[in-house]
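The values are calculated or read from the model by the stated rules, or taken from the named source; none is laboratory data. What you see is a predicted model, and the numbers here were worked out from it, not measured in a lab. Positions of Cβ are backbone-derived with ideal geometry, glycine not excepted, and every protein chain shown enters the neighbour counts.
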Amino acid sequence: MIHLFQEGENKELPTLLMLHGTGGDERDLLPLAQLISPASPVLSVRGNVLENGMPRFFRRLAEGVFDEEDLVRRTAELMQFVDEAAVRYGFDRGRVVAVGYSNGANIAASMLLHHEQALAGAILHHPIGAAPRRQAAFVGGGAGFHRRRPDRPDLPSRRDGGAGRFAAQCRSCGRCPLGADRAPADADRSGGCRRVVQG
């Protein structure tokens, strides 16, 4: 898979697995990674499915309708890639925290749902009910949260300079898998952070 790896200054911190939304690439969420945990190693991956020329992590049948077979297959593919990347780059596979937006959040949720100990945690921005029939299994899993932005479906990215606002929102619920010290106390003012999984 096309990706970028940044070693980070502190290998004791979790490795951030950055998973973009539809039409993004491996560079889109790097500013967010720097604002969430600037010293963490970062593995940022480009989805290898194209929809009208736009990278995604798995196919969909229509807007909001997953191709569940493809989702399961692509989830296993991403899992294998992260396993191999951990060996190649020397990061702790047991301390990977996914940060996903939209399509990237959905595949991160699928990793948690389909594979035990897939991730140490996940921060899911604007997911679309990944594998809703298995939602209960996800709620019983590792640490993380998701947030929906019905008023703003697009991620402020490096192109519009909005990563700082998004990172502040990301840290706002106080349940970040990276540690409570990264979370300011303005949870509800951020636009509705909602904890769905507890560690």
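Output the residues belonging to segment 1-21 that are polar (S, T, N, Q) and in a strand (DSSP E or B).
Hits for segment 1-21 are Gln6, Thr15.
Only one of (1) touching an Asp or Glu at 6+ places or on another chain (Cβ under 7 Å); (2) aliphatic (A, V, I, L, M); (3) surrounded by fewer than 15 Cβ atoms within 10 Å (Cβ to Cβ) is not met by Ala62, so which one is it?
Here Ala62 meets the rest and fails (1).
Out of the residues in segment 101-123 meeting the condition of being more than 11 Å from the chain's Cα centre (by Cα) and not in a helix (DSSP H, G or I), tell me which one is modelled with the lowest pLDDT.
The residue in question is Glu116.
Among the residues of segment 35-49, which ones are under 21 Å from Asp70 (Cβ atoms) and surrounded by fewer than 24 Cβ atoms within 10 Å (Cβ to Cβ)? Step through it out loud before you land on a result.
Taking segment 35-49 as the starting set, the residues that turn out to be under 21 Å from Asp70 (Cβ atoms) are 45-49.
Correct list: Arg46, Asn48, Val49.
Just the residues that are modelled with pLDDT under 95 and surrounded by fewer than 17 Cβ atoms within 10 Å (Cβ to Cβ), please, taken from segment 11-34.
Lys11, Glu12
In segment 56-100, which residues are in contact with a His (Cβ under 8 Å, 6 or more places away or on another chain), outside any helix (DSSP H, G or I) and more than 20 Å from Ala33 (Cα to Cα)?
Within segment 56-100, none qualify.
Against the condition over 26 Å from Glu7 (Cα atoms) and hydrophobic (A, V, I, L, M, F, W, C), how does Phe91 come out, does it pass?
So Phe91 fails the test.
Just one of (1) in a loop (DSSP other than H, G, I, E, B); (2) farther than 16 Å from Ala85 by Cβ trips up Leu50, so point out which.
(1)
It is to be established whether one or more residues within segment 36-47 are more than 13 Å from the chain's Cα centre (by Cα) and under 17 Å from Leu124 (Cα atoms).
Yes: segment 36-47 contains one or more residues that are more than 13 Å from the chain's Cα centre (by Cα) and under 17 Å from Leu124 (Cα atoms).
Kindly check whether there is at least one residue in segment 22-40 that is among the hydrophobic types (A, V, I, L, M, F, W, C) and in a strand (DSSP E or B).
No.
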